[in-house]
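Peer 1: This is the structure, below, for whatever I ask next.
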Amino acid sequence: MSGRFIVSLDCEGKWGMADALQPYHHRLLTDEALARVYAEIVTRFAAHAVPATFAFVMAFTLTAEEQQQFADILADTGRRDDWLSHFWSEQREGRAGGWFQPQALETVRADPRHEIASHSFCHRDLADAAISEEEAEAELDSAAAAARLKGIQPRTFVFPRNSVGHVSLLRRKGYIGYRLARPPVSRLRALAAELYLWPRAEISPPAAPGAPIAIPAGYFLNWRFGPRRYIPRTVTARRWKTLIDRACETGGVAHLWFHPHNLITAPSTRDTLDEILAYASAQRSAGRLRMLTQEQYCEELLAGAEPTS
């Protein structure tokens, strides 16, 4: 029996926090810094031969010329749009950096071991209660149009802010799986969870016929910023090693996810990531662990290779 290890990244630049941007975002999340961090991450993964799923907000990948093809969505025409109003305001105020970084996508797809997944078009909340089915479909269609423009066809999906909703649309749009989300908890409880050293490996719940695979939600890699910086790096590393060991012992899944820009705003997170990847690589070499992208995981389940607990 061997465990499964999945790494997924929410690739979004400023789109992910458009309604909550802080001065440090403008200072740190520059176009140049984002290009560098994606190159660094791909290099780090290559050093450990780790495949990963990079789920892109598709607007983030557009060049200036390509943005013109989505002017009906991105241009500020005076219409009401509670989400894009934040983006338009930033553009008017001259804070254009960090919203578009097409080089990030090119850097990732230069290494064929990685999967390019979708994280929507412009990071709208797709929860059932937040958006109508018609509006959710429009967001997915825009993401698909941008993907075609870039010459890619994402097959798995990561919901913006982990707000899972309108799942029935996904299979119709060609997705075979999506990352689940953990129930929301307070910031204090989320912080306390980082000190718990015995997290459980996961398995996917059975999928209904014709429904997309619900990929285990996984655990966020502690972002060593704000109060989270007080969590000792050794504790985070120990927590992940235990989770990987449990996946190996049970045949379950250890799923790690984070945002590439977390390594810009909290550089010491890099060292923790390296230690976890090195440990996972060692377990793979020992025949205890397999490394999969989200797409590969879904393909295994669709082929009948159900995980065991």
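Peer 1: So, in the stretch 220-237, how many residues would count as being among the aromatic types (F, W, Y) and assigned to a helix (DSSP H, G or I)?
Peer 2: Filtering the stretch 220-237 for residues among the aromatic types (F, W, Y) gives 220, 223, 225, 230.
Next, only the ones that are assigned to a helix (DSSP H, G or I) stay: 230.
Summing the residues that are among the aromatic types (F, W, Y) and assigned to a helix (DSSP H, G or I) in the stretch 220-237 gives 1.
Peer 1: So, one more: Being free of Cβ contacts under 8 Å to residues at least 40 places away in the same chain and either assigned to a loop (DSSP other than H, G, I, E, B) or surrounded by fewer than 22 Cβ atoms within 10 Å (Cβ to Cβ) (or both) is the filter here, so list the residues in the stretch 238-266 that pass it. Before you say what the answer is, go through the steps one by one.
Peer 2: Of the stretch 238-266, the ones free of Cβ contacts under 8 Å to residues at least 40 places away in the same chain are 240-241, 245.
Scanning the stretch 238-266 gives K241, D245.
Peer 1: Now, a different point. Which members of the stretch 38-64 meet the condition of being crowded, with 21+ Cβ neighbours inside 10 Å and over 17 Å from the mean Cα position of the chain (by Cα)?
Peer 2: If the condition is that a residue be crowded, with 21+ Cβ neighbours inside 10 Å and over 17 Å from the mean Cα position of the chain (by Cα), then L62 is the only one that fits.
Peer 1: Out of (1) modelled with pLDDT of 95 or more; (2) farther than 17 Å from S163 by Cβ; (3) open to solvent by less than 60 Å² (accessible area, probe 1.4 Å); (4) in a loop (DSSP other than H, G, I, E, B), the odd one out for A35 is which?
Peer 2: (4) is the only condition that A35 fails.
Peer 1: If the requirement is being in a loop (DSSP other than H, G, I, E, B) and aromatic (F, W, Y), which of these qualifies: F60, F45, F100, F54?
Peer 2: Values: F60 fails: in a loop (DSSP other than H, G, I, E, B); F45 fails: in a loop (DSSP other than H, G, I, E, B); F54 fails: in a loop (DSSP other than H, G, I, E, B).
Of F60, F45, F100, F54, the one residue that is in a loop (DSSP other than H, G, I, E, B) and aromatic (F, W, Y) is F100.
Peer 1: Considering the stretch 103-128 alone, what residues qualify as being within 21 Å of H166 (Cα to Cα), under 16 Å from the mean Cα position of the chain (by Cα) and either outside any loop (DSSP other than H, G, I, E, B) or not charged (D, E, K, R) (or both)? Give the derivation first.
Peer 2: Step one: of the stretch 103-128, the residues within 21 Å of H166 (Cα to Cα) are 117-128.
Those still in the list that are under 16 Å from the mean Cα position of the chain (by Cα) too: 117-126.
A117, S118, H119, S120, F121, C122, H123, L126, listed by residue number.
Peer 1: Right, another one. Can you tell me which of (1) in contact with a helix residue (DSSP H, G or I) (Cβ under 9 Å, 6 or more places away or on another chain); (2) of a type in the set (A, V, I, L, M, F, W, C); (3) at pLDDT below 95; (4) surrounded by fewer than 16 Cβ atoms within 10 Å (Cβ to Cβ) is the one A208 doesn't meet?
Peer 2: Here A208 meets the rest and fails (1).
Peer 1: Could you figure out which of (1) buried (at least 16 other Cβ atoms within 10 Å of the Cβ); (2) assigned to a loop (DSSP other than H, G, I, E, B) isn't true of E90?
Peer 2: (2)
Peer 1: Let me ask something else about it. Within the stretch 281-300, identify whether any single residue is crowded, with 17+ Cβ neighbours inside 10 Å, closer than 22 Å to T43 by Cβ and among the aromatic types (F, W, Y), and answer yes or no.
Peer 2: No - not one qualifying residue is present in the stretch 281-300.
Peer 1: Of all residues in the stretch 114-152 being within 20 Å of L180 (Cβ to Cβ) and out of contact with any helix residue (DSSP H, G or I) (no Cβ under 8 Å at 6 or more places or on another chain), which is surrounded by the most Cβ atoms within 10 Å (Cβ to Cβ)?
Peer 2: Restricting to residues being within 20 Å of L180 (Cβ to Cβ) and out of contact with any helix residue (DSSP H, G or I) (no Cβ under 8 Å at 6 or more places or on another chain), the top hit is E139.
Peer 1: Given the structure, is L29 more than 17 Å from E106 (Cα to Cα), out of contact with any strand residue (DSSP E or B) (no Cβ under 9 Å at 6 or more places or on another chain) and surrounded by 15 or more Cβ atoms within 10 Å (Cβ to Cβ)? Explain how you work it out, then say what you get.
Peer 2: Values: more than 17 Å from E106 (Cα to Cα): yes; out of contact with any strand residue (DSSP E or B) (no Cβ under 9 Å at 6 or more places or on another chain): yes; surrounded by 15 or more Cβ atoms within 10 Å (Cβ to Cβ): yes.
Taking the combined requirement at face value, the residue satisfies it.
The values are calculated or read from the model by the stated rules, or taken from the named source; none is laboratory data. What you see is a predicted model, and the numbers here were worked out from it, not measured in a lab. Please note: Cβ atoms are built from the backbone with ideal geometry, for glycine as well, and neighbour counts cover all protein chains shown. Heads up: the accessible areas ignore ligands, DNA and RNA and are worked out on the full protein's heavy atoms, side chains in. Shrake-Rupley method; radii C 1.70, N 1.55, O 1.52, S 1.80 Å.
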